[in-house]
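Read through the structure below, which is laid out as structure tokens, and then see the notes.
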Amino acid sequence: MRKPFQFKQFSIRDENSALKVGTDAVLLGAFVNPDKPKAILDIGCGSGIIALMMAQKSDSKIDAIDIDFESVQEAKFNFKNSLWSDQLIAIYSSLSDYVKQSERKYDLIISNPPFFNNSLKSPSDRNNLSKHTSSLSHAGLLSGVKNLLSADGVFAVIIPFNQMSSFLNIALIEGLYCLQKLIIYPTSKKPANRIILVLSNNLPIKANEESLTIRDESGNFTKQYKILTGDFYLNF
């Protein structure tokens, strides 16, 4: 039995989830600060970690959707056993179906989406759903976001760095514009491998660009990473 992942204010059971707790989700949840949003949507919630991080940071109502039934059941368990059970709802649905049925517009949409593109798939259909863009393409994700985002809302997403240009090109077609970039380096000696993008319906004068390195030359977590994630990790 997989042991629950303990954070400072909540724990995550991800034993049955298709997508386990990982650095990408923690980085995204730590970086995004809800600025008084009334409604938040987490697309591809998995076990619910990002939704819980948003609940820790705000009083907003948070809907979390996923296409994997067992992941949604686990998210429901984690939400129920948190301090913010009245703020959180886990919903079993694909994004395309959710767009058709939802009448709500969201002030913040956040997603750690499938990112493998044209790569060797797993024998597990559940793993393919959670990790491969064939289950949710960038075009499908951005189209869904455009339909669900409020006029002044923002969309935050983490993707592989080498997919940034194509992602932003699709976003422009949908009328979504980049407000902010956080370029992520795994170590001080390796090239960037992830990027967090914050998009909106409104064209900014200039996108704000920052960078973050997770580990230093000795393999230790950098001060910058510890500060960013310090409200969540027990050992920071």
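Points worth noting:
- 3J(HN,Hα) couplings calculated from phi for the range 220-226 with the Karplus curve 6.51 cos²θ - 1.76 cosθ + 1.60 (θ = phi - 60°) are, in sequence order, 8, 5, 6, 4, 4, 5, 5 Hz; Gly and Pro show x.
- In order through the range 166-179: 3J(HN,Hα) via Karplus (6.51 cos²θ - 1.76 cosθ + 1.60), integer Hz, x for Gly, Pro: 5, 4, 5, 5, 5, 4, 5, 4, 7, x, 10, 10, 7, 9
- Two-site FRET efficiency, K190 against Q9, from Cβ-Cβ distance with R₀ of 30 Å, rounded to 0.05: 0.45
- Extreme residue, positive dipole direction of the chain, given options L142, G48, Q6 (C-beta unit charges): Q6
- Prolate/oblate/rounded label for the range 1-114 (Cα gyration tensor, a/c 1.5): oblate
- Members of K3/K181; K146/K181; K3/K61 lying beyond 26 Å, as alpha-carbon distances in this model show: K3/K181; K3/K61
- Under-5 Å amide H pairs with Q180, H placed in peptide plane, nonlocal only: V198, N208
- Among I184, I109, I65, residue whose mean-square fluctuation peaks in a GNM of the chain (springs only between Cα atoms under 10 Å): I184
- Per-residue Cβ neighbour counts within 10 Å put R215, R194 in the sequence R215, R194, beginning with the fewest.
- Rounded to 5, percent antiparallel among DSSP beta bridges of the chain: 40
- Cross-link pairs exceeding 27 Å in C-alpha to C-alpha distance, out of K57/K190; K38/K80; K20/K57; K38/K226; K76/K190, comprise K57/K190; K38/K226; K76/K190.
- Rounded to the nearest 20, the size of the Cβ-charge dipole of the chain about its Cα centre is 420 debye, with Lys and Arg at +1 and Asp and Glu at -1.
- You can think of it this way: the chain between L203 and Q163 has 12.3 nm of extra reach, that is 0.36 nm per residue less the Cα-Cα gap.
- Rounded if a/c under 1.5, otherwise prolate or oblate - the chain, Cα gyration tensor axes: rounded
- For the chain, calculated [θ]222 nm from helices alone, where every DSSP H run of n ≥ 4 adds -39500 (n - 2.57): -9000 deg cm²/dmol
- Rounded, prolate or oblate (a/c below 1.5 giving rounded, otherwise prolate when a/b exceeds b/c) for the range 178-222 by Cα gyration tensor: prolate
- Measuring between their Cα centroids, the range 173-236 and the range 1-54 lie 17 Å from each other.
- Full-stretch length increase - Y177, T222 - with 0.36 nm per residue and alpha-carbon distance subtracted: 13.2 nm
Each value in this text was obtained by applying a stated rule to the coordinates, not by laboratory testing. Every value quoted in this text rests on a predicted model; they were computed, and no experiment measured them. Neighbour counts run over all protein chains shown; Cβ positions are idealised from the backbone, glycine included.
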